[in-house]
Structures are given as structure tokens and as C-alpha cells.
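The values are calculated or read from the model by the stated rules, or taken from the named source; none is laboratory data. Because the structure is predicted, anything quoted here is derived from the model rather than measured. Counting neighbours? That spans all protein chains shown, and the Cβs are built from the backbone with ideal geometry, glycine included.
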């Protein structure tokens, strides 16, 4: 049976790097968001001013999230209508009911399972091991677990994460790294809250006094630096380094299709 692995974690924790160490086909919940942006604005760099904020808006509007950051508004109405109109033009999206955009908390995982490479006319795609790099919300996790995905949390120190952000010209947000998982915080976007809550309860266990509810055997430490003192990782075993994860999970289960024409969608 093909493997299905999803990676959660803060921005620049290294999810894409970890996924790249596996001989799996990488899939992303942000693929349709990026396609929508490309259709509307053309080939704009992902580090363009406002790109991430627009991704977040499309993502949360699609899930039907309504809160202080994503209120009902004329802008939201216009964007929702535009996405429902443009959505069917995305490749092989004829299988997607775009009327669910804006009302279904599981819209993006539903989308993932309606389009290649999970569903594809080429049956070889059905046998591919998949790794998803950006599960974010509880609804994502619930749907993925129901569909048989194994979910891991990728962590690193805040120093390493900030170095990665700065190298890519992105502005670090120190507020979210001192986010107490016992409290709500206006400065943490909903797309980052689950990973921030789980990560901080693991990295700052002694400081916040919150026992992590994320199983340690599903934690991947993706950093050359040691886990910080005061973290449950510093005094416990059972969690995985990136190398451990690749060695234990990365053995592909799918047959190699030698001598056959590659799938035009995912290259398998």
C-alpha cells in the first residue's frame, strides 16, 4: 500500500527540505492557490509584496473561516466569486465542486484528493508514495487522518528559523515565537496557530508548563542545533531527527515503473 505522509510546522521550519529527502511525490495544499494567483496576476515571484497574505486570504476564505482577520466583506465576496468562476480552469479541476469553496472547512484537502496525483487516469499514480508539506488547520489534520495519512510536526530552533527567513528576505515575527500556547494571540495568523501552539508547547515546555499533546514519535527535529533546554525534547527520547525520519519512513513502497512512459502530471 502506498504511503501518505503529511508534514506540519511553522513557516521555514524546513518542511519542504524534509520532504525533499524522501523518494516520494511531493504534493501541496497551496498548489491551487498559487495557480489561482498566477491566472489572475501572471508569473509573479512568491516573495512579491502581499503574496503570502493573498495566499492566506484565499486559503482561509476557501475554508469558510470567519474571524477578526478574515471577516465578511465586499472584498471577500468578490474574491470568493472570482475563485469559484476561475477554479474550473485549473488543470483537471473538473472533478472539483467549486461551490464548496467558501463553505467547506476541509475544502483544500478535498481538492487534494480530487486531482492528480492522488486521483489520475494513469493508475500508476495511485501507487505513488506521497508527502504533503503544508497541512495547517485542525480540519486539514482530521480529514487527512481519516484518509489514512500519517502526520508529523517539523521543528527547529527559533534562531535557525529566523536565519532561514532572513536569507529569503522575509520579515521574522518575534511575537509568534513567544506565543504562550495557553492563550490566544492576535498577532498569530490562524494558518500558523496550530503549528505554533504545538511547537511552543514542545520547545518551551518548562516555561509554559503545558504538556504537549503532539506525540513525540511524530516530531521531526530539523536543525543542526540541539533542542533548547527546558524543552521536552531535551529530556526525552522517541522523537526523530531528519535522518531518523528519512531512514524509517522514507523507504518507498511503490513499484518503479522502469521502461514505461512517465506520467505527464507527476512524472512517476
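List of remarks:
- Within region 65-83, being surrounded by 12 or more Cβ atoms within 10 Å (Cβ to Cβ) and in contact (Cβ under 8 Å) with a residue 12 or more places away in the chain holds for 65, 69, 70, 76, 79, 80, 82, 83.
- Filtered residues of region 89-117 (kept if modelled with pLDDT of 90 or more and either at positive phi or assigned to a helix (DSSP H, G or I) (or both)): 98, 99, 100, 102, 107, 108, 109, 110, 111, 112
- Subset of region 223-245 (residues that are part of a loop (DSSP other than H, G, I, E, B) and farther than 17 Å from residue 13 by Cβ): 229, 230, 236, 237, 238
- Counting the residues of region 205-222 that are surrounded by fewer than 18 Cβ atoms within 10 Å (Cβ to Cβ), out of contact with any strand residue (DSSP E or B) (no Cβ under 6 Å at 6 or more places or on another chain) and closer than 20 Å to residue 151 by Cα gives 5.
- Of the residues in region 130-145, at least one is touching a strand residue (DSSP E or B) at 6+ places or on another chain (Cβ under 7 Å), part of a loop (DSSP other than H, G, I, E, B), in the same structural domain as residue 194 (by TED's automatic domain parsing) and at pLDDT 90 or above.
Results for (1) out of contact with any strand residue (DSSP E or B) (no Cβ under 7 Å at 6 or more places or on another chain); (2) modelled with pLDDT of 85 or more; (3) part of a helix (DSSP H, G or I); (4) under 30 Å from residue 52 (Cβ atoms), shown as yes or no for each residue.
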position: 171; (1), (2), (3), (4): yes, no, no, yes
position: 186; (1), (2), (3), (4): yes, no, no, yes
position: 198; (1), (2), (3), (4): no, yes, yes, yes
position: 251; (1), (2), (3), (4): yes, no, no, no
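- Condition met for residue 7 (part of a loop (DSSP other than H, G, I, E, B), crowded, with 17+ Cβ neighbours inside 10 Å and in contact with a strand residue (DSSP E or B) (Cβ under 8 Å, 6 or more places away or on another chain)): no
- Conditions (1) surrounded by 15 or more Cβ atoms within 10 Å (Cβ to Cβ); (2) within 19 Å of residue 140 (Cα to Cα): number failed by residue 37: (2)
- Filter result (over 18 Å from residue 107 (Cα atoms), in a helix (DSSP H, G or I) and not assigned by TED's automatic domain parsing to the domain that holds residue 192) within region 20-71: 38, 39, 40, 41, 51, 52, 53
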